[in-house]
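Here the structure comes first, spelled out in structure tokens, and everything after it is commentary.
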Number of protein chains: 2
Amino acid sequence: MNPPAPYYQHQGITIYRADCFEVLHTLEGVGAYVTDVPYSSGGAFRGDRMFSTLSKYASSDSSQQAGIGFTGDNRDQRAFLAWCSLWMSAARGAAADGATFATFIDWRQLPTITDAIQAGGWVWRGVGVWSKKFGRPRDGGFSGACEFLPWASHGSLVESGAYPSGAFEYSPPPVSRRHHLAEKPLPVMEWAMANVPAGALVVDPFMGSGSTLVVAKRRGLRAIGIDVDERQCEIAARRLSQDMLPGLELEDLDAGELEGPALLPLEQAEG
Amino acid sequence: MNPPAPYYQHQGITIYRADCFEVLHTLEGVGAYVTDVPYSSGGAFRGDRMFSTLSKYASSDSSQQAGIGFTGDNRDQRAFLAWCSLWMSAARGAAADGATFATFIDWRQLPTITDAIQAGGWVWRGVGVWSKKFGRPRDGGFSGACEFLPWASHGSLVESGAYPSGAFEYSPPPVSRRHHLAEKPLPVMEWAMANVPAGALVVDPFMGSGSTLVVAKRRGLRAIGIDVDERQCEIAARRLSQDMLPGLELEDLDAGELEGPALLPLEQAEG
DNA sequence: GCCGAGAATGAATCCATCC
DNA sequence: AGGATGGATTCATTCTCGG
């Protein structure tokens, strides 16, 4: 099979505007997958509002009550597991021996993701933690201060000479300064990719605004980003075209504004 | 039903030397469960789980294998899920409305524990993270720097006026200075119990060396600790008898040595 | 009591050998 | 074969101890 025509291609970095399955089936020799799977939306299953509603149910005490759409909740959860298992399996089919896999996820979907990782044939190796330092406070409960990075390998873990910590602390910039609602700050992405060996091909099946590619480019890695949304592809391409002199700190790149015509704001549905 | 005779009882703190089921079925009005369930973890290979806790978890570098191990750590996945569901369900049967539940666990068993929490009828609310700052390094992978604190409530979450963070960073003291191999430092326990409202009855079904009770006593809470191992009961009782003047810092209490005769190490057979 | 240099450590993991 | 055992490995942080 051949991949679709690239949306962007320059200096070892390629962007495809496509569903990830279309591209994953055409790849081989992938050394690492690093991504941020969408879990609060996703055209594959349901509209954003519907999913939010269900999440709201699940987060209330109403799961103990009668009359809630339990089957609907359940089916969404199952569909998410099935869909993740499928794309993770497709990803593994394109992976080189010893390839690594990592995706960001929130606490609620973490168990589903670790099931999907193993269902997809990956060897689950651990869970990294990104601490944002602050989360929304909760009277009588713990704030949601962390996001999780379950990671895995295709077969034996290959030594890369890197020993990243399982915990990383970094305060994210305000939403107003992000290119994407769920955007991961570049230092956080750099941490998540710290164990990727030199020369590896990195693939992000849910590219979003392209933080994975920006870090890959800085490190001189080959990389492929995939996103169904053309606006995200454009944003990512513009970020890659920015000045990336080594003297620039990642934080500065994060704060850099994109040149060119203004882009339409993203609708909520993209979160 | 009546509980067994207490092993220790003083100033609102009670210790039972018993299997937790024996006691849980006799309780009522419990405001919070805070515990550290035996992980039944220790490696991806079948054989690795079968070792004693000392050889599984204590540093293999140090030839000193003296110390106190603990029991009930050898269950396989299915049995661990079933057993946890049972005791969590029994615990919920004794819980007051709005009671909270929290247990420490490692990354490998986290999904199993969140399943058990929900199977036991609790409403899963989130996952706290204790960062030890440093874990054993892994070439090509992330270190295991964190332990996790999934938490839940019995029905609606009750406001307690406390807003603890979902992340807590603290370096544990070396094994040689602990009362229990898996002992949680007092500042970590204090964080894990930060949302427990004043006046609540706290129960720890797997007391170990009694850190939960020590923090409860400091906070003026009523508390019940349960452990099958009489040596742990004795250690906990001694810790509770130590000087706990408010002027003393928790770190100092951690470092305090216990008076009385030395304890025998646990035999390998029990591991 | 404070500070710096050197030593020790880790709720592992993986693999080569034994039985 | 397959389970059990023993040993080598890793480095940021903490601990120990002397000055």
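Assorted remarks:
- Residue mean of other protein chain beta carbons inside 10 Å, B:119-128: 6
- Three-way shape label, chain B, alpha-carbon gyration tensor, a/c 1.5: rounded
- Within 10 Å of each Cβ in A:103-116, the average number of Cβ atoms from other chains: 3
- Helices in chain B, meaning DSSP H runs of at least 4 residues, each add -39500 (n - 2.57). Divided by all residues, the mean residue ellipticity at 222 nm is -7500 deg cm²/dmol.
- Secondary structure note: in region B:108-209, about 75% of the DSSP beta bridges are antiparallel.
- Highest mean first, the peptides A:108-114, B:131-137 sorted by other C-beta atoms within 10 Å per residue fall in the order A:108-114, B:131-137.
- Cβ-Cβ FRET estimate between A:His10 and B:Ser55, R0 fixed at 51 Å, reported to 0.05: 0.45
- The mean count of C-beta atoms from other chains within 10 Å of the C-beta of residues in B:164-177, rounded to a whole number, is 4.
- Linear extension gain, B:Glu22 paired with B:Leu86, 0.36 nm per residue minus alpha-carbon span: 21.8 nm
- Per-residue 3J(HN,Hα) values for region B:190-204, derived from phi via the Karplus relation 6.51 cos²θ - 1.76 cosθ + 1.60 with θ = phi - 60°, read 4, 5, 5, 9, 5, 8, 6, x, 4, x, 6, 8, 9, 10, 10 Hz in sequence order (x marks Gly and Pro).
- Bridging of B:Lys56 to lysines at a Cα separation below 30 Å is possible for B:Lys132, B:Lys133, B:Lys184, once same-chain residues fewer than 8 apart are set aside.
- Nonlocal amide H pairs with B:Val129, under 5 Å, H built at 1.01 Å: B:Leu149, B:Ala167, B:Phe168
- If R0 equals 51 Å, the separation of the Cβ atoms of A:Glu230 and A:Ser156 corresponds to a calculated FRET efficiency of about 0.85.
Laboratory data are not the source of any read-out in this text; all were calculated from the coordinates shown. What you are looking at is a predicted structure, and each value in this text was computed from that prediction instead of being measured. For neighbour counting, all protein chains shown are included, and Cβ atoms are generated from backbone atoms with ideal geometry for every residue, glycine included.
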